[in-house]
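Read the structure below first, then the notes.
The values are calculated or read from the model by the stated rules, or taken from the named source; none is laboratory data. All figures in this text were calculated on a predicted structure; none of them were measured in a lab. Virtual Cβ from ideal backbone geometry, glycine too; neighbours counted across all protein chains shown.
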Amino acid sequence: MVRKMNLHVKMICAVVGLLTTAIVLGAETEVPAVPAVALTAADVLANCQAMLPTRPVELKGAIVLRNRKGIVRSEYAYTLVLDRSRTPAEISVEIRERDGTNVLKRVTLKRPGPIPEGRVMDTDVTWLDLSMDYLWWKNPRFEAEREGESVHGQKCFVILVDPPDAAAGIRSVRLWADKKNGCLLQAEELGADGTPVRRLWGTRVKKFDGRWMANVLETETLGSGRRTKITVDDLKEL
């Protein structure tokens, strides 16, 4: 049972933090352990960066907004193409009506580069969720008072990072990374007054063509009485 739980956590950490991690693990692949040395906060972020896919991948799935009772308020289909082999890296997102072909929005993000403000349609998902820029933000530091906090039963490094510019309403982002293997398990956005306003985490895993990855993510605007689920229904390398 412990072995099965460890595998489950490894698969979740492959994608959390946002959809664009989309790390695909072979069925026999093991996530390498973090070396038993004194790591700096910058080292922990570097481990998270190293788990991002280097080859182009395409993901298709749904973004579903629900209220606190679980009633669906809006639902969209998406296609996301992530290509970090380019310079600059490129993330292309297409949002469509859930049961139709009508394209509602197309956005291409160049990384590094400007990122659109606001949410993806009327959901809790932001463009920062999709770009994961905070893994490259400066001034990473450990939160000593949160040392050893757990996510999915795994003890974590807890790190704060600050945006390079005055991002709208964002003071910093708090990250939880597994102490055993460095995987990012959860991300939390802090508002201007330092209190948490949004949270993103992974909940389920699925096998795609013999490979495992997290296929359900949840993001929540805290105190809003609603939550957005992001599912990955199909994935392929390009």
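Answer yes or no: is there a residue in the range 117-131 that is in contact with a strand residue (DSSP E or B) (Cβ under 6 Å, 6 or more places away or on another chain), over 20 Å from LEU222 (Cα atoms) and surrounded by 13 or more Cβ atoms within 10 Å (Cβ to Cβ).
yes
When you look at PHE142, is it surrounded by 18 or more Cβ atoms within 10 Å (Cβ to Cβ), aromatic (Phe, Trp, Tyr) and touching a helix residue (DSSP H, G or I) at 6+ places or on another chain (Cβ under 7 Å), yes or no?
On the way: surrounded by 18 or more Cβ atoms within 10 Å (Cβ to Cβ): no; aromatic (Phe, Trp, Tyr): yes; touching a helix residue (DSSP H, G or I) at 6+ places or on another chain (Cβ under 7 Å): yes.
Against the criterion (surrounded by 18 or more Cβ atoms within 10 Å (Cβ to Cβ), aromatic (Phe, Trp, Tyr) and touching a helix residue (DSSP H, G or I) at 6+ places or on another chain (Cβ under 7 Å)), PHE142 does not qualify.
Which of the residues belonging to the range 135-162 are over 17 Å from the mean Cα position of the chain (by Cα) and at positive phi?
Listed by number, the residues that qualify are ASN139, GLY148, GLY153.
Does the range 89-126 hold any residues that are at pLDDT 90 or above and more than 27 Å from SER74 (Cα to Cα), and which are they?
Within the range 89-126, just GLU90 meets the criteria.
Could you tell me whether any residue of the range 186-198 is surrounded by fewer than 16 Cβ atoms within 10 Å (Cβ to Cβ), farther than 21 Å from ASN47 by Cβ, within 18 Å of the chain's Cα centre (by Cα) and at pLDDT 80 or above?
Initially, the range 186-198 is screened for residues surrounded by fewer than 16 Cβ atoms within 10 Å (Cβ to Cβ), giving 191-196.
With the extra rule that they be farther than 21 Å from ASN47 by Cβ, the set shrinks to 191-196.
With the extra rule that they be within 18 Å of the chain's Cα centre (by Cα), the set shrinks to 196.
Then drop every residue that is not at pLDDT 80 or above, which leaves 196.
Taking every residue of the range 186-198 in turn, at least one turns out to be surrounded by fewer than 16 Cβ atoms within 10 Å (Cβ to Cβ), farther than 21 Å from ASN47 by Cβ, within 18 Å of the chain's Cα centre (by Cα) and at pLDDT 80 or above.
Being under 27 Å from LYS110 (Cβ atoms) and at pLDDT below 90 is true for just one of ASP209, ASP129. Which residue is that? If you could, list the steps in order and put the result at the bottom.
Details: ASP209 fails: under 27 Å from LYS110 (Cβ atoms).
Answer to the selection: ASP129.
Which of the residues that make up the range 36-56 are out of contact with any helix residue (DSSP H, G or I) (no Cβ under 7 Å at 6 or more places or on another chain) and either at pLDDT 85 or above or not aliphatic (A, V, I, L, M) (or both)?
Matches in the range 36-56: LEU39, THR40, ALA41, ALA42, ASP43, VAL44, ALA46, ASN47, PRO53, THR54, ARG55, PRO56.
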